[in-house]
Amino acid sequence: MQDYLREFKPAGRLLLGPGPANAHPRVLQAMAMPLLGHLDPDFLRLMDDVREMLRQVFQTGNGLTLPISGTGTAGMEAALVNMLEPGDTIVVGVNGFFGGRIAQIAERAGAKVVAVEHQWGRPLAPEAIKKGLDGQRKVKAVAMVHGETSTGVLTPLPELVRLAHEHDALFMVDAVTSLGGVDLRVDEWGIDVCFSASQKCLACPPGLAPTTFGARALAALDSRKTPVQSLYFDLNMLRTYWHQRSYHHTAPISMLFALREGLRLVLEEGLEARFARHKRVAAALCAGLEALGLELFAQEGYRLPQLTTVVIPDGVKDADVRGALLRDYNIEIGGGLGEYAGRLWRIGLMGHNATPANVLYLLSSLEEVLARQGFEVPLGQGVAAAQRALARSV
Ligand SMILES: Cc1ncc(COP(=O)(O)O)c(C=O)c1O
């Protein structure tokens, strides 16, 4: 029999990289439900549920809160092409790979991009963004990433939102990795546009990009002089589809079943409890890694709980370690991006995967793999330090 005719049965990996994370079993079960038509009354009710729960998770009352069909980049692209018109100026904070992607998309949308390049591994500093803003006559938007998955850095937002608004600019933020894992208060902080993705702390597969747009964003949309260049991401058309149910595109039905269940899980747990869980396991992981003599990359005080970055020690081969973890322990962790390829590991504890058991399993596996590589590792010390951290934080 040809190989491609055989049943495809992937190994049950533990996905501890930068995403996707493992989907919760209840989410996978929801995806196996029979399909509905995308204008079926039951499906329309589900769309309402999803929008309501998304509002709660984004901590917003925004009417225009909906999942875009596509992955996180689709959410990013939808946000940018709707808010920007050719010739508009946007200030983009770039302290990692995904900030760079925002700048690229904005440029393709015909905007003048002022990229504020900042050191990777550090949060975006208000002074740097202020410098970028001060040189410009009229700025349409300021955009940046909340939790940079390429570096494991969390940038505090409230001060940056204030700066953008002082310049009468919209504040747009990438919450692809942060949503559902750390506090993100769209209304209280004054965020105008926020986009995320289903496959990280929401514990769903990749395929949907939750987004929310506030009143200032809607005013910007309504006052456009040019049509949105993308039909698929045209918010006016999407708004009609989600609010008045007239056909725009065929919704990815099973993915919406998944997202509904993922959001239900978030709200059943409670936002505060979920954030605390991510924080607790991240602290244990960091304690364990440091006890092994490994150096953490992201600046202390600004570490993203759901994604920890580790400097690969001299003499240790990135591909061999990640290969051994995958082959021998069924664990996936991520490598570095851009100039940090081969220099960093990225370890994710996101959503359903943010558990003490996963921390201890990863640390014990990593210890063994590193020892095999000849790295002087104090065997057992990583696990012990993580256990102590967990015991202290019950
Ligand atoms: C912060 C951030 N923004 C955007 C993206 C792009 O999302 P996707 O790969 O789902 O298109 C990612 C993906 O990991 C991300 O981590």
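The values are calculated or read from the model by the stated rules, or taken from the named source; none is laboratory data. Because the structure is predicted, anything quoted here is derived from the model rather than measured. Here the Cβ positions follow ideal geometry from the backbone for every residue, glycine too, while neighbour counts run over all protein chains shown.
Structure summary
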{"read-out": "Top-ranked residue of segment 216-233 - restricted to ones that are outside any loop (DSSP other than H, G, I, E, B) and free of Cβ contacts under 8 Å to residues at least 60 places away in the same chain, ranked as nearest to the ligand (Cβ to nearest atom)", "value": "R216"}
{"read-out": "Residue list for segment 196-215, restricted to those being aliphatic (A, V, I, L, M), buried (at least 18 other Cβ atoms within 10 Å of the Cβ) and either on the phi < 0 side of the Ramachandran plot or not in a loop (DSSP other than H, G, I, E, B) (or both)", "value": "A197, L202, L208, A209"}
{"read-out": "L238 more than 19 Å from the chain's Cα centre (by Cα), modelled with pLDDT of 95 or more and closer than 17 Å to L46 by Cβ", "value": "yes"}
{"read-out": "Residues that are part of a helix (DSSP H, G or I) and touching a helix residue (DSSP H, G or I) at 6+ places or on another chain (Cβ under 7 Å), drawn from segment 237-252", "value": "W242"}
{"read-out": "Subset of segment 21-57 (residues that are within 16 Å of the ligand (Cβ to nearest atom) and not aliphatic (A, V, I, L, M))", "value": "N22"}
{"read-out": "Residue among L64, L16, L39 that is buried (at least 19 other Cβ atoms within 10 Å of the Cβ) and under 22 Å from N236 (Cα atoms)", "value": "L64"}
{"read-out": "Count of residues meeting criterion [out of contact with any Lys or Arg (no Cβ under 7 Å at 6 or more places or on another chain) and buried (at least 22 other Cβ atoms within 10 Å of the Cβ)] in segment 332-352", "value": "6"}
{"read-out": "Residue list for segment 243-265, filter: touching an Asp or Glu at 6+ places or on another chain (Cβ under 9 Å) and at pLDDT below 95", "value": "H248"}
{"read-out": "Selected residue (criterion: nearest to the ligand (Cβ to nearest atom)) from residues of segment 135-174 that are assigned to a loop (DSSP other than H, G, I, E, B) and in contact (Cβ under 8 Å) with a residue 60 or more places away in the chain", "value": "T149"}
{"read-out": "Tally, over segment 1-59, of residues that are of a type in the set (D, E), assigned to a loop (DSSP other than H, G, I, E, B) and in the same structural domain as V186 (by TED's automatic domain parsing)", "value": "1"}
